[in-house]
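The values are calculated or read from the model by the stated rules, or taken from the named source; none is laboratory data. As the structure is a computational prediction, the values presented were derived from the model and not from experiment. Here the Cβ is made from the backbone with ideal geometry for all residues, glycine too, and neighbour counts use every protein chain on show.
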Amino acid sequence: MAKHIFVTGGVTSSLGKGIIAASLAKLLQARGLRVTIQKFDPYINVDPGTLNPYEHGECYVTEDGAETDLDLGHYERFLNIFTSQSNNVTTGRIYQTVINKEREGAFLGKTVQVVPHITDEIKRRMLLLGTTGQYDIIITELGGTVGDIESLPFIEALRQLQWELPEEDTVVVHLTLIPYLKAAKELKTKPTQHSIKMLSQEGVHPDIIVCRTEKTLTPDLRRKIALFCNVKQEAVIEAADAPTIYEVPLAMMREKLDLICLKKLNITDFHEPDLQKWKEVLDKLKYPKSQVTIGLIGKYIELQDAYKSILEAFVHAGALNECKVQIQNVHSEFITPENVGEKLANLDGLLVAPGFGHRGVEGKILAVKYARENKLPFFGICLGMQMAVIEFARNVLGLKDAHSTEMNKDTPDPVIDLMEEQKAVTSKGGTMRLGAYSCETIEGSLARQIYNKEIISERHRHRWEFNNRYLNQFQEAGMITSGKNVESQLVEIVELPSHPFFIGVQYHPELKSTVENPHPIFVNFVKAAKEYTEKKATVKNPLLQSEMI
Ligand code: GLN
C-alpha cells in the first residue's frame with residue numbers, strides 16, 4: 001500500500017497547486033521513490049472535455065484517451081511518466097458512479113447520501129492508485145479552494161481518511177497566499193490564518209503550509225504563521241514567485257518540503273535527489289545563445305492556459321536548442337488578406353493551433369498560405385493541419401470552395417471530412433477519437449527524419465480527418481501524406497517536400513513533450529526557425545553574406 005500526500009488550497013484559486021504538487025513529486029522521484037499524482041476536481045462535468053478552453057484552459061488527453069485537467073500535463077512534464085483516466089476524478093464522475101450503482105440496486109433499501117455514499121466513493125478513488133503496487137507515494141491534489149461549497153465532500157473524505165489510515169501514512173500540505181500590501185509595506189498572514197481556521201472547522205489539520213509570496217518570509221513571519229496555524233516552524237514553507245515553473249522543485253528542495261513529508265511519512269529508504277538532468281535543462285533555459293519568434297495562431301490566445309502544453313513544449317524544445325523561443329500570439333479572427341503580411345512579417349516560424357468550430361478559420365488559412373509561399377517554417381497541429389490541407393486545396397489544387405465539413409457541411413470539396421466511425425455519434429463527452437494511436441512514417445520524409453522511427457505513437461482528440469478521396473490529387477501537386485495509421489489508413493501527417501519545413505499533424509505532439517524528453521517535432525521546428533532567422537540575417541546584411549562566401 002502506498003502512502004498519501006494531500007494538497008489543498010486556500011485564500012484564492014490560481015496559486016499553482018498543480019506546480020507545487022508536481023515539484024514535490026519530482027523531488028520524491030529524484031530521491032528514488034515511485035510517485036504519481038492525481039487530481040480531484042469539484043465541478044459536475046464528468047470530465048473537462050466538454051468545457052470551453054476559456055472556462056478551464058486546455059483539455060489534456062492521456063495515453064488511454066481520458067480528457068483531463070491541464071494539471072495532469074504538468075505532472076507528466078515534470079515526472080516524465082504517463083498518467084491515466086484514474087489520475088483525474090471530478091464530482092460529476094463520483095456522482096455518476098454512485099447513481100449508476102444505486103440504479104443497479106447496490107444500496108437497496110438505503111437512503112443514498114453525501115456521507116457516507118459519496119464520501120466512500122471519493123475515498124475509494126483516492127486510494128485506488130495506491131493499491132496497484134506501482135507506487136510508494138500518491139500525491140492527491142484537491143481542486144478548488146477551501147471554503148467552497150463544492151469542495152466540502154472532498155475535504156470530508158480527506159478528514160475521514162486521516163483517521164482511518166495510520167498516522168504515518170498521510171501528510172496534508174496546504175497551499176496559501178501571503179499577500180504583500182504595498183501601502184503598509186507588509187506581508188499579511190491574516191487570510192492564511194482564516195483559511196487554516198476554515199480547514200480546521202472542516203476537521204482537517206494541515207501538517208505543512210506552503211506560502212505563495214512575492215517577498216521573502218522573514219523568520220518572524222514564519223514564527224507567526226506557525227503559532228497561529230498550529231504547525232512547526234520548519235513546516236512553514238516559502239514559495240516565492242519563480243522566473244520559470246521548472247525552478248520550483250529546486251526552491252522546494254531548499255525549503256526541505258520533501259524531507260518534511262518523508263519524515264512525517266516515516267520513510268527512510270531514499271537517497272540524495274538526483275536532479276542532474278533537470279538542472280542541465282534549467283541552465284540551458286536560463287542562458288540561451290539565440291532567440292527566435294514563433295507566431296502562435298489561435299482563437300483562444302487571450303487565455304494562455306488554453307495552449308498550455310504547446311507553450312511548455314516550446315520551452316522544452318527551446319532549452320534543448322539553447323534558444324529562447326519568444327511566442328507572438330496572433331488572433332486568427334483578426335487576420336485579413338490585407339494585414340496578413342504585416343502581422344506575420346517578423347516571425348521565424350508559424351504554428352497553427354488546434355481548435356473547434358468555424359470562428360477564426362479563414363485567418364488560419366491565410367496564415368498557412370503566407371508560411372507556404374514565404375518558405376516560413378510551418379507546424380500545424382490537429383485543426384492546424386486541417387487548415388494546411390484546406391489552404392493547399394484552395395490555392396494550389398484550385399478547389400476554390402474546399403473546406404472541412406465541420407465548418408461547411410455543403411462544401412463541394414470536403415477535403416476534411418467527418419470520420420466514418422463518428423457519423424453515428426450523437427453524445428458529446430468522451431466520444432472523439434481519443435488517446436494513443438500508432439502511425440507509420442514513410443521513408444525519406446521529414447517526419448521519418450524527425451522521429452527516426454518507422455512506427456510512432458501519438459495522442460489524438462478529433463472527429464474530422466483528411467479525406468482520402470483527394471489523396472492522389474494532393475500527392476501529385478506536391479503535398480505528401482508522410483504518416484498514416486496502418487489499420488484505418490487515416491492520414492496522420494502531411495508535409496510539403498518543396499518547402500524547408502512544412503509539417504501538419506492530426507495528433508497532439510505537445511502532449512508528450514516533457515522537460516527531460518522534449519518532443520522531436522518541436523525540437524526540429526525550433527531548429528528550422530533558427531536556420532530561417534540566420535538566413536534572414538545574411539540576406540539583410542550583405543557584409544555577413546560576403547563573409548559567408
Ligand atoms: N475540430 C477538429 C476535429 O475535431 C480539430 C480538433 C482539434 O484541433 N483538436 O477534427
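Among the strands (runs of 3 or more DSSP E) contained in the range 450-549, which hold 2 or more residues that are of a type in the set (F, W, Y) and in contact (Cβ under 8 Å) with a residue 40 or more places away in the chain?
Details: elements: 455-462, 464-466, 480-484, 491-495, 502-505.
Result: 464-466.
Of the residues N485, N468, N452, N472, which is within 16 Å of the ligand (Cβ to nearest atom) and farther than 20 Å from D64 by Cα?
Among N485, N468, N452, N472, only N468 is within 16 Å of the ligand (Cβ to nearest atom) and farther than 20 Å from D64 by Cα.
Do you know which of the residues in the range 438-449 that are part of a strand (DSSP E or B) and surrounded by fewer than 20 Cβ atoms within 10 Å (Cβ to Cβ) is nearest to the ligand (Cβ to nearest atom)? Talk me through it step by step, then tell me what you get.
Residues of the range 438-449 that are part of a strand (DSSP E or B), as a first pass: 438-441.
Narrowing further to those that are surrounded by fewer than 20 Cβ atoms within 10 Å (Cβ to Cβ): 438, 440.
On the way: S438: 19, E440: 21 Å.
Top of the filtered list is S438.
Cβ contacts < 6 Å: first residue among the acidic types (D, E), restricted to the range 392-412; second residue part of a loop (DSSP other than H, G, I, E, B) and away from the ligand (no atom under 13 Å from the Cβ), any location; separation 6+ or different chain. Result?
Sorted first by the residue in the range 392-412, then by its partner, the pairs are D401/T411; D401/P412.
Go through (1) closer than 21 Å to L311 by Cα; (2) within 16 Å of the ligand (Cβ to nearest atom); (3) without any contact (Cβ under 8 Å) to a residue 60 or more places away in the chain; (4) not aromatic (F, W, Y) and name the single condition P354 misses.
Checking P354 against (1) closer than 21 Å to L311 by Cα; (2) within 16 Å of the ligand (Cβ to nearest atom); (3) without any contact (Cβ under 8 Å) to a residue 60 or more places away in the chain; (4) not aromatic (F, W, Y), the one that fails is (3).
When the range 231-242 is examined, which residues are found to be free of Cβ contacts under 8 Å to residues at least 40 places away in the same chain and either surrounded by fewer than 19 Cβ atoms within 10 Å (Cβ to Cβ) or of a type outside the set (V, I, T) (or both)? It would help to see each step written out before you state the result.
Going residue by residue through the range 231-242, those that are free of Cβ contacts under 8 Å to residues at least 40 places away in the same chain are 231-238, 240-242.
If the condition is that a residue be free of Cβ contacts under 8 Å to residues at least 40 places away in the same chain and either surrounded by fewer than 19 Cβ atoms within 10 Å (Cβ to Cβ) or of a type outside the set (V, I, T) (or both), then K232, Q233, E234, A235, E238, A240, D241, A242 are the ones that fit.
Which pairs have Cβ atoms under 6 Å, sit 6 or more apart or on different chains, and link a residue in the range 256-284 that is in a helix (DSSP H, G or I) to one that is modelled with pLDDT under 95 and surrounded by fewer than 15 Cβ atoms within 10 Å (Cβ to Cβ)?
Every condition considered, the pairs that remain are K277/E516.
Within the range 374-391, restricting attention to residues that are assigned to a strand (DSSP E or B) and of a type outside the set (A, V, I, L, M), which residue is farthest from the ligand (Cβ to nearest atom)?
Among residues in the range 374-391 that are assigned to a strand (DSSP E or B) and of a type outside the set (A, V, I, L, M), the one farthest from the ligand (Cβ to nearest atom) is F378.
Test A371 against the stated conditions and say whether it is under 30 Å from G49 (Cα atoms) and either part of a helix (DSSP H, G or I) or more than 15 Å from the ligand (Cβ to nearest atom) (or both).
no
Conditions (1) under 15 Å from I138 (Cα atoms); (2) more than 12 Å from the chain's Cα centre (by Cα), marked per residue:
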site	(1), (2)
V46	no, yes
L51	no, yes
E55	no, yes
G65	no, yes
T68	no, no
E76	yes, no
S84	yes, yes
T91	no, yes
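Scan the range 218-230 residue by residue and report those that are surrounded by fewer than 21 Cβ atoms within 10 Å (Cβ to Cβ) and of a type outside the set (S, T, N, Q).
The answer is P219, D220, L221, R222, R223, K224, A226, L227, F228.
Hey, could you check the range 336-362 for residues that are surrounded by 24 or more Cβ atoms within 10 Å (Cβ to Cβ), in a loop (DSSP other than H, G, I, E, B) and hydrophobic (A, V, I, L, M, F, W, C) and say which is nearest to the chain's Cα centre (by Cα)?
Looking at residues that are surrounded by 24 or more Cβ atoms within 10 Å (Cβ to Cβ), in a loop (DSSP other than H, G, I, E, B) and hydrophobic (A, V, I, L, M, F, W, C), I get A353.
Return yes when G32 is surrounded by fewer than 21 Cβ atoms within 10 Å (Cβ to Cβ) and at pLDDT 95 or above and no when it is not.
Spelling it out, G32 is indeed surrounded by fewer than 21 Cβ atoms within 10 Å (Cβ to Cβ) and at pLDDT 95 or above.
Can you find, within the range 134-169, the residue that is surrounded by the fewest Cβ atoms within 10 Å (Cβ to Cβ) among those that are among the β-branched types (V, I, T) and modelled with pLDDT of 95 or more? Working first, answer last.
So in the range 134-169, the residues among the β-branched types (V, I, T) come out as 137-140, 145-146, 149, 155.
Of the ones still in play, those that are also modelled with pLDDT of 95 or more are 137-140, 155.
Working: I137: 23, I138: 26, I139: 25, T140: 28, I155: 25.
Per the criteria, the residue is I137.
Tell me which residues, restricted to the range 215-234, are closer than 22 Å to K182 by Cβ and either assigned to a helix (DSSP H, G or I) or out of contact with any Asp or Glu (no Cβ under 6 Å at 6 or more places or on another chain) (or both).
Of all residues in the range 215-234, those closer than 22 Å to K182 by Cβ come to 215-218, 220-222, 224-225.
The answer is K215, T216, T218, D220, L221, R222, K224, I225.
Filter the range 286-308 for residues that are in a helix (DSSP H, G or I) and under 19 Å from the mean Cα position of the chain (by Cα) and give the result.
Hits for the range 286-308 are Q304, D305, A306, Y307, K308.
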